Amino acid sequence: MSIFSDNIRFLRTQKNLSQQELADQILMSRVRYSKYEDGRSEAPYELLIRISKYFNLSIDLLLTVDIRKYPLEDVLKLPDNRIVLPVVVDQLGNNSIEIVPQKASMGYLSGYSDPEYIESLQRISLPFLTNGKYRAFPAQGDSMPPFKDGSYIIGKYVENIDDLKPNKSYVFVTLNDGISYKRFTSRNKKSITVVADNSFYKPYDIHLREVVEVWQYASGIFPEDFEPDNFENYNFKHMFLEIRRDIQELDQKISKK
């Protein structure tokens with residue numbers, strides 16, 4: 001038996017179909033179909049396409065993920081069915097929020113589509129976060145104050161990139177940069193433009209083909225209190241950035257003259 005054979009058996013029984021009825025739907029004999037469901041033969045690509053279209057599930061999902069663990073009515077599917085995101089609740093009915101660990105944040109890019117990896121993550125529940133799929137990501141650097149190393153950004157999964165709202169903050173998971181937390185400003189046919197709240201950093205574009213996941217900011221976790229000097233340093237840095245911006249504007253005015 002294989003994941004594929006287990007999956008098509010499960011999907012068939014979920015629809016209350018006999019092997020003959022399903023074989024008729026995908027245009028083949030029952031005897032031939034039974035060989036694939038029993039794992040005695042490997043399905044050719046043209047059959048994989050037919051089964052994928054019939055059940056509205058990607059071939060990748062059919063071949064690599066044991067969907068029996070994730071009832072279809074209880075999961076959130078990405079637009080192309082690349083992966084499934086189980087919406088797990090605790091004993092009180094609160095959404096369980098997976099926490100991507102600080103030290104293993106780079107591994108998220110290779111594990112985000114692996115349900116077993118997601119299952120291995122620690123979880124917390126926040127009763128005020130409902131009606132959606134949430135995940136906590138580690139903050140890095142100083143581009144988005146007040147978040148700093150050691151704090152976490154909780155994001156709500158965004159199903160469609162067209163739903164991004166200007167001036168709202170998001171966690172972007174991209175092929176080149178991994179996990180980044182930025183403010184969305186605009187988009188065009190090929191890319192989106194994002195910017196850091198720390199004006200020391202310039203806005204930049206992310207090609208749409210690079211975007212893997214997007215999570216809208218919902219809440220934050222700060223493991224440590226800010227020390228007084230943190231605020232002083234931040235205020236000093238903010239003042240420096242204001243001066244830097246004024247100088248840039250002055251240079252631009254002079255150059256125009």
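In table form, for the structure just shown:
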quantity	calculated
Pairs with Cβ under 9 Å, 6+ apart, first in segment 135-164 and open to solvent by 60 Å² or more (accessible area, probe 1.4 Å), second part of a strand (DSSP E or B) and of a type in the set (Phe, Trp, Tyr)	140/181; 156/134; 156/215; 156/217
Subset of segment 40-70 that is of a type in the set (Ser, Thr, Tyr) and assigned to a helix (DSSP H, G or I) - its residue that is modelled with the highest pLDDT	54
Filter result (among the polar types (S, T, N, Q) and under 10 Å from residue 216 (Cα atoms)) within segment 150-177	169
Residue count, segment 1-34 (criterion: farther than 18 Å from residue 66 by Cα, in a helix (DSSP H, G or I) and either open to solvent by 50 Å² or more (accessible area, probe 1.4 Å) or not aliphatic (A, V, I, L, M) (or both))	10
Qualifying residue in segment 80-98 (condition: part of a helix (DSSP H, G or I) and either at pLDDT 90 or above or buried (at least 16 other Cβ atoms within 10 Å of the Cβ) (or both))	no
Selection within segment 35-56 - closer than 14 Å to residue 6 by Cβ and surrounded by 14 or more Cβ atoms within 10 Å (Cβ to Cβ)	36, 37, 39, 43, 51, 55
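The values are calculated or read from the model by the stated rules, or taken from the named source; none is laboratory data. Quick caveat: nothing in here was measured; it's all calculated off a predicted structure. Cβ: placed from backbone, ideal geometry, glycine included. Neighbour counts: every protein chain shown. Protein only, heavy atoms only, side chains kept; ligands, DNA and RNA dropped before computing areas. Shrake-Rupley method; radii C 1.70, N 1.55, O 1.52, S 1.80 Å.
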